[in-house]
Amino acid sequence: VAVKSTYDGVKIGWETDDLVAIYDGTAKRQFTVKSIDNGIATLQGQVSKDATEFYAVFPYSAAGDVLPTQDGQVSLNMPAVQTLAEGKNFDEDAMVTVGKVQDGNVVLKNVVSLLKLNIPEGVASVRLQGFAYENIAGAVTASADAVAGAAESSSVTLMPSGETFAAGTHYIALLPTKFTAGFKVIYSKTGQMAVAKAEGEVEFPRKGGF
């Protein structure tokens, strides 16, 4: 049984086609959603009969092939290019969560932080980057309690499902970080570009939003 986390400004509910990665100490296994009851999903899949310790990652696409370490660090990938599905204001593949299975249950805790944006009509892409080029996406290791390791990408680009975004509130997911000199958000459309800046030290905490 698994419970999804709630994010700042966005509550993510389970869907019947969701896939979850379960590490059983010998391999990464793919689990599916058997049923959903009052926001709680029951998952089904197969694991090694001798397995005693399990870790879970959602979505399955974010789970690396390297088995978790003894202290529970799991290999993950946070996409540097995030694309919105039709009708969505965030990329579900970027809302990476991890948890340790206890007594057959797991509460998945989000690994990311969020940047909340009010995107006007006609924008074709949005890119986030720190002035000091801090790495905020890509391969990383994390546990339910802490993020560790260095990411690979210093920017995150958000793309719409069509040619341009629907005007309104949208979210970029990024790895928790401290922008030591601030950050910029670059809005692009055909033949035009606008830059919004946040100068000075800005911290994006885990499980938090901005």
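The values are calculated or read from the model by the stated rules, or taken from the named source; none is laboratory data. No experiment lies behind these values; they were computed from the predicted model shown. Cβ: placed from backbone, ideal geometry, glycine included. Neighbour counts: every protein chain shown. Side chains are part of the model used for accessible areas, which takes the heavy atoms of the whole protein and leaves out ligands, DNA and RNA. Shrake-Rupley method; radii C 1.70, N 1.55, O 1.52, S 1.80 Å.
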For this session: May I ask you to evaluate 6.51 cos²θ - 1.76 cosθ + 1.60, the Karplus curve with θ = phi - 60°, for each residue of region 120-126 and list the ³J(HN,Hα) values in order in whole Hz, giving x for glycine and proline?
Result: x, 5, x, 6, 9, 6, 9
Exercise. About its Cα centre, what dipole magnitude does the chain give when the only charges are +1 on Lys and Arg Cβ and -1 on Asp and Glu Cβ, stated in debye to the nearest 20?
Worked result: 280 debye
For this session: Quick one: net charge around Val185, please, counting Lys, Arg +1 and Asp, Glu -1 for every other residue with C-beta under 13 Å from its C-beta.
Result: +3
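Over 18 Å between Cα atoms, which of Lys88/Lys189; Lys116/Lys178; Lys28/Lys88; Lys178/Lys207 qualify? Let's see the in-between values first.
Numbers: Lys88/Lys189 20 Å; Lys116/Lys178 16 Å; Lys28/Lys88 28 Å; Lys178/Lys207 14 Å.
Check vs 18 Å cut-off fails for Lys88/Lys189; Lys28/Lys88.
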Seminar exercise, completed: Here FRET efficiency (C-beta to C-beta, Glu152 to Gln70, R₀ 22 Å, nearest 0.05) is 0.35
For this session: Enter the accessible area of Glu152 (Å², nearest 10), with the probe set to 1.4 Å and all protein chains included.
Result: 140 Å²
Problem set entry | Mean accessible surface per residue for the chain, computed with a 1.4 Å probe while every protein chain stays in place, in Å² | 50 Å²
Problem set entry | ³J(HN,Hα) computed for each position of region 185-196 - Karplus, 6.51 cos²θ - 1.76 cosθ + 1.60, integer Hz, glycine/proline x | 10, 9, 9, 10, 9, 3, x, 9, 8, 10, 10, 9
Problem set entry | In sequence order, calculated HN-Hα J values of region 128-140 (Karplus, 6.51, -1.76, 1.60; Hz; x Gly/Pro) | 10, 7, x, 5, 9, 6, 5, 7, 10, 7, x, 6, 7
Exercise. If the viscosity is 1.002 mPa s and the temperature 20 °C, what Stokes-Einstein diffusion coefficient in µm²/s follows for region 146-189 when Rh is the Kirkwood radius over Cα pairs?
Worked result: 162 µm²/s
For this session: Quick one: dipole size for region 65-139, taken about the Cα centre, charges +1 on Lys/Arg Cβ and -1 on Asp/Glu Cβ, in debye to the nearest 20.
Result: 180 debye
Exercise. Given the protein chains as shown and a 1.4 Å probe, how many square angstrom of Lys189 are accessible, to the nearest 10?
Worked result: 80 Å²
Problem set entry | Shape category assigned to region 56-210 from the gyration tensor of Cα positions, a/c cut at 1.5 | prolate
Exercise. Of the heavy-atom accessible surface of region 1-146 (probe 1.4 angstrom), what whole percent is carbon and sulfur?
Worked result: 46 percent
Problem set entry | Whichever aspartates and glutamates have a C-alpha closer than 13 Å to that of Lys34, once near sequence neighbours (fewer than 8 apart) are set aside | Glu15, Asp17, Asp18
Problem set entry | Within region 119-154, backbone nitrogen closer than 18 Å to the virtual label 7 Å beyond the Cα of Glu53 toward Cβ | 141-148
Exercise. Which parts of region 76-92 would a label at Gln30 reach, counting a residue when its backbone N lies under 20 Å from a point 7 Å out along Cα-to-Cβ?
Worked result: 76-79, 92
